[in-house]
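Participant: Before we start, here is the structure in question, set down as structure tokens.
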Amino acid sequence: MPDFLAALDWSTILPFVAIGFAAQIVDGALGMAFGLITSTLMVTVMGTPPALASASVHAVETFTTAASGVSHVVNRNVDWRLFRRLVIPGMIGAVLGATVLSSIDGSVARPFVMAYLALIGGYLIFRAIRGDVEPRKARVVAPLGLVGGFLDAAGGGGWGPVVTSNLLVQGTTPRHTIGTVNTAEFFLTLTASVAFFVSLGWAAFTLQTVGLLIGGLVAAPLGGILAKRVAPRRLMAFVGVLLAATSLWSIYTALAK
């Protein structure tokens with residue numbers, strides 16, 4: 001074993017490998033939750049400052065979203081017209097969010113955003129139960145990308161929950177929504193990572209980051225396969241349950257402080 005690998009504290013890294021793997025499986029298949037799960041853990045359990053946690057997550061997601069995006073492209077889960085309408089506004093929002101979080105506490109509005117997303121999650125569950133999964137064209141896309149990119153960089157997770165859920169509410173198909181949002185996320189996280197690196201330097205790259213990266217890269221190719229094979233109604237139900245559960249948990253942790 002190379003000396004630098006032997007010198008690593010694997011007892012510290014392995015839990016983050018497992019977290020990165022599990023979070024990326026969920027994110028790749030349902031279009032959300034990697035940033036939310038990992039950022040919540042780093043801030044609430046490890047005591048990492050919000051800006052550093054968000055920077056670390058975005059550094060990891062630069063690689064995992066690239067692998068996940070390739071998987072979705074190979075499995076033909078990407079709506080390229082929708083992709084073009086999302087990606088540029090998302091990148092602009094990411095730069096703005098990273099800039100804000102590096103200078104002030106961007107978590108003030110988080111409970112309000114999470115309350116909104118919990119309601120959206122409940123609505124998606126209701127639609128899945130009714131079987132209302134007929135595809136419709138999304139009308140509000142660019143503003144959604146801008147807001148999603150901003151909240152993602154400012155809160156350490158938000159692109160998937162905000163963008164995926166709101167596109168599904170507008171009537172887009174679950175499979176292609178998840179694939180498109182995941183693929184666009186690569187460009188978003190790359191932009192946010194550059195912005196964070198300019199502000200924070202190499203402090204964003206820690207042993208925890210390495211663990212998340214290893215687990216995330218192993219899991220990333222599996223998400224596109226799952227999104228392709230699961231029925232639209234079930235995908236929508238899974239997204240709604242995950243969105244409601246993670247949003248309510250975020251509200252609880254914010255109010256419990």
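The numbers here are math on the coordinates, done by the rules we state, and not lab data. Just so it is clear, the structure is predicted and the values come from calculations on it, not from any experiment. Here the Cβ is made from the backbone with ideal geometry for all residues, glycine too, and neighbour counts use every protein chain on show.
Participant: Subtracting the Cα-Cα distance from 0.36 nm times the residue separation, let me have the gained length for residue 14 to residue 70 in nm, one decimal.
Facilitator: Numbers: separation 56, 0.36 × 56 = 20.16 nm, distance 2.58 nm.
Using 0.36 nm per residue and subtracting the Cα-Cα distance, I get 17.6 nm.
Participant: Among 167, 243, which comes first, then next, by fewest other beta-carbon atoms within 10 Å? Present the calculation step by step, with values, prior to reporting the outcome.
Facilitator: Working: 167 27, 243 31.
Least to most surrounded, the residues fall as 167, 243.
Participant: Counting other C-beta atoms within 10 Å, which of 185, 61, 134 has the fewest, and how do the rest follow? Could you put the intermediate results ahead of the total?
Facilitator: Numbers: 185 34, 61 30, 134 8.
Fewest-to-most ranking of 185, 61, 134: 134, 61, 185.
Participant: Determine the gain in length on full extension of the stretch residue 112-residue 255; use 0.36 nm per residue of separation and subtract their C-alpha separation, reporting nm with one decimal.
Facilitator: Full extension from residue 112 to residue 255 adds 50.4 nm.
Participant: Once you put a point 7 Å from the Cα of residue 218 and another 7 Å from the Cα of residue 136, both along the Cβ direction, what distance in nm separates them?
Facilitator: Computed distance between label sites residue 218 and residue 136 equals 4.3 nm.
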